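The values are calculated or read from the model by the stated rules, or taken from the named source; none is laboratory data. Just so you know, these numbers come straight off a predicted model, no measurement behind them. Cβ: placed from backbone, ideal geometry, glycine included. Neighbour counts: every protein chain shown.
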Amino acid sequence: MAVSDGSIYGKRRIGKREEISLFKKLLSAFFCAVFLLGLSGFVSAAEPETVQAKLTAIEKDTYGQEQTGALIDRINKLEKDYDGTHRQGSMMARVNAIYQEVYTNSSKPSVLADLNAIEWNINHEVSMRSVDQRVADMEMKLKGDTSEGTYQQRIQNLSELSFGTTSLPLNRVTVPKNTLIKVALVTPVNSKNLKKNDVIRYKVAQDVVVNGNLVFAKGARGDGIVTNVKQARNFGRNAEVSIDFRRTKSMDGTYVDTFIGDEAKKEMKQLAIAGGASLAGIAIFGPVGIVGGAFIHGKDVDIKEGTEMYIQTKADTVLWGVQTTLQ
């Protein structure tokens, strides 16, 4: 068959073996152009250090947005809403206590772990909304109205309604390095509109179960970051978007370090084959000429919201998981 050699001097004929080799190279180039991930520096999900930063993080997850007013008033509100009482000590000590209650999984699961377990048991999916919205929505679904009381009390009541007990079936489980997670884009990836350091949001598209325990629930969110963008140019120079899919929220609310490694790339190739012809809306199978043409003429990277792909965990991680019969 005839195929362009990528230059401005015309065409030449290639044999079957060379055609297969070219196809493999073009397929590899496709994945590299869209997911050039391994070269960028990893940005860790470090815990906020100041009173202001920790308050903001807690408020966004609790109410959906940062609150206004004096810091001490904001601390008082969070303590009242979660526990119905005020703590003693410095502002930092009090904020640290709330932060640990909401996020930290140590001898017992955090508030977010309990909430995720209940929501998944009701909907078989978790949401990306605030604690306040999620609690109210589950109360409406289970009993037809919302309740008074602290978040802790309301979550305990939801646990009893959902599981029949206030002791949730949560277990400690080690999630192995390179555990695969199927995810779906929430933020579209378009090389024309993106710039370095833009945040790319995605969510877990399929439950991940390890040793009978749910460790990543469908609907849980993840945050990636754009590390580099190259626009499409003349003479077949295609656009590239480099993304670090850096952290994904587990069932217990912990952010786990993730990336697109070799295992994830293998699964994405299989996903493309099973899908029949495409991944991320770009034709990669079919006649070599079609694929070759895409790379010869230059294309923008344009990946739609909802596009599914795979990522994997970076290291062995101990998490709280929901005991389940799912396999």
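Values computed for the structure shown
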| item | result |
| --- | --- |
| Tabulated pairs, the stretch 81-109, first more than 24 Å from V215 (Cα to Cα), second among the basic types (K, R) and crowded, with 18+ Cβ neighbours inside 10 Å, C-beta under 6 angstrom, 6+ apart or interchain | R87/R94; V95/K54 |
| Test result for I58, within 30 Å of T174 (Cα to Cα) and of a type in the set (A, V, I, L, M, F, W, C) | yes |
| Residues being in a helix (DSSP H, G or I) and of a type in the set (S, T, N, Q) - total across the stretch 70-95 | 1 |
| Matching residues, the stretch 138-166, being assigned to a loop (DSSP other than H, G, I, E, B), touching a helix residue (DSSP H, G or I) at 6+ places or on another chain (Cβ under 8 Å) and under 24 Å from D207 (Cα atoms) | T165, T166 |
| Verdict on N178 being farther than 19 Å from E119 by Cα, assigned to a loop (DSSP other than H, G, I, E, B) and modelled with pLDDT of 95 or more | yes |
| Filter result for Y103 (within 22 Å of Q65 (Cβ to Cβ), in contact with a Gly (Cβ under 8 Å, 6 or more places away or on another chain) and not charged (D, E, K, R)) | yes |
| Residue ranges of strands (runs of 3 or more DSSP E) in the stretch 218-279 with at least 1 members at pLDDT below 85 and either crowded, with 20+ Cβ neighbours inside 10 Å or not assigned by TED's automatic domain parsing to the domain that holds L194 (or both) | 240-249 |
| Count of residues meeting criterion [touching a helix residue (DSSP H, G or I) at 6+ places or on another chain (Cβ under 6 Å) and without any contact (Cβ under 8 Å) to a residue 12 or more places away in the chain] in the stretch 167-180 | 0 |
| Hits in the stretch 133-151 (condition: loosely packed, with under 15 Cβ neighbours inside 10 Å and either of a type in the set (S, T, Y) or touching a residue at least 40 places away in the same chain (Cβ under 8 Å) (or both)) | Q133, T146, S147, G149 |
| Counted residues, the stretch 181-210 - those being touching a residue at least 60 places away in the same chain (Cβ under 8 Å), in a loop (DSSP other than H, G, I, E, B) and not small (G, A, S) | 5 |
| Test: residue in the stretch 31-48 that is modelled with pLDDT of 80 or more and at negative phi | yes |
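So that you can scan it fast, the table gives a plain yes or no per residue for (1) surrounded by fewer than 21 Cβ atoms within 10 Å (Cβ to Cβ); (2) not β-branched (V, I, T):
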position: G64; (1), (2): yes, yes
position: D73; (1), (2): yes, yes
position: D81; (1), (2): yes, yes
position: Q88; (1), (2): yes, yes
position: N96; (1), (2): yes, yes
position: Y99; (1), (2): yes, yes
position: P109; (1), (2): no, yes
position: L112; (1), (2): no, yes
position: I118; (1), (2): no, no
